[in-house]
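The values are calculated or read from the model by the stated rules, or taken from the named source; none is laboratory data. None of the values given here were measured: they were computed from a predicted structure. Because the Cβ atoms are built from the backbone with ideal geometry, glycine has one as well, and the counts that use them run over all protein chains shown. Calculation scope for accessible area: heavy atoms of the full protein, side chains included, ligands and nucleic acids excluded. Shrake-Rupley method; radii C 1.70, N 1.55, O 1.52, S 1.80 Å.
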Amino acid sequence: MSPAPPPVTVSVDPDLTARDVRALLEAHLADMRAVSPPESVHALDLDELRDPAITFCVARTADGTLLGVGALKELDDPTEPGGHGEVKSMRTAPTAVRTGVASHLLAHLLDLARSRGLARVSLETGAEPFFAPARRFYARHGFVECGPFADYAPDPNSVFMTRPVAGSAAAPAAPPA
């Protein structure tokens, strides 16, 4: 049985200077580099996550314990009426895995996309078995496989997924969680 989800507050982190955030992102990058060939690692480092097109969010408990991180990158995609976003750097702290934190954080990122009028949100994740739980998680939240988007090229080590943003003109009703 999974532990009960802790109360979660998600907020924007504009500078990514907190030690626990940096440590979680460094662990994320280390895992990505350990399981994927170098040319197939699309995770962003701290400096890249400070791009003005990226909104980086942290999920914390009331006492400030870091539960997870995730980001929304606004893509310049003239083929997507209403705009296109990308989920980046989703990572749950080891102590919060399978507690609902990732679902809460993803819902927050989708709310951000909706508030910005984006019609679609996509993501890239790995094709290796290590990434199977991530692919199942995103599928449960309405993402379906698609082709490469933005600056991505076809890659046998990548799986691309997308979904409409509920509430946008291009989106159907929200899928079940």
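Miscellaneous remarks
- Restricting attention to the stretch 143-167, the residues that are farther than 18 Å from residue 89 by Cα, touching a strand residue (DSSP E or B) at 6+ places or on another chain (Cβ under 7 Å) and either at pLDDT 95 or above or not in a loop (DSSP other than H, G, I, E, B) (or both) add up to 5.
- Yes/no for residue 72 being modelled with pLDDT of 95 or more, open to solvent by less than 50 Å² (accessible area, probe 1.4 Å) and touching a helix residue (DSSP H, G or I) at 6+ places or on another chain (Cβ under 6 Å): yes
- In the set 174, 119, 170, only one residue is at pLDDT below 95, surrounded by fewer than 15 Cβ atoms within 10 Å (Cβ to Cβ) and more than 26 Å from residue 22 (Cα to Cα); that residue is 170.
- Residue 89 being at pLDDT below 95 and either surrounded by 20 or more Cβ atoms within 10 Å (Cβ to Cβ) or part of a strand (DSSP E or B) (or both): yes
- Residue in the stretch 45-66 that is in contact (Cβ under 8 Å) with a residue 60 or more places away in the chain and open to solvent by 10 Å² or more (accessible area, probe 1.4 Å) present: no
- Among residues of the stretch 73-92 that are among the acidic types (Asp, Glu), those with a beta-carbon under 8 Å from a residue that is in a loop (DSSP other than H, G, I, E, B) and crowded, with 21+ Cβ neighbours inside 10 Å at least six positions away or on a different chain give the pairs 74/118.
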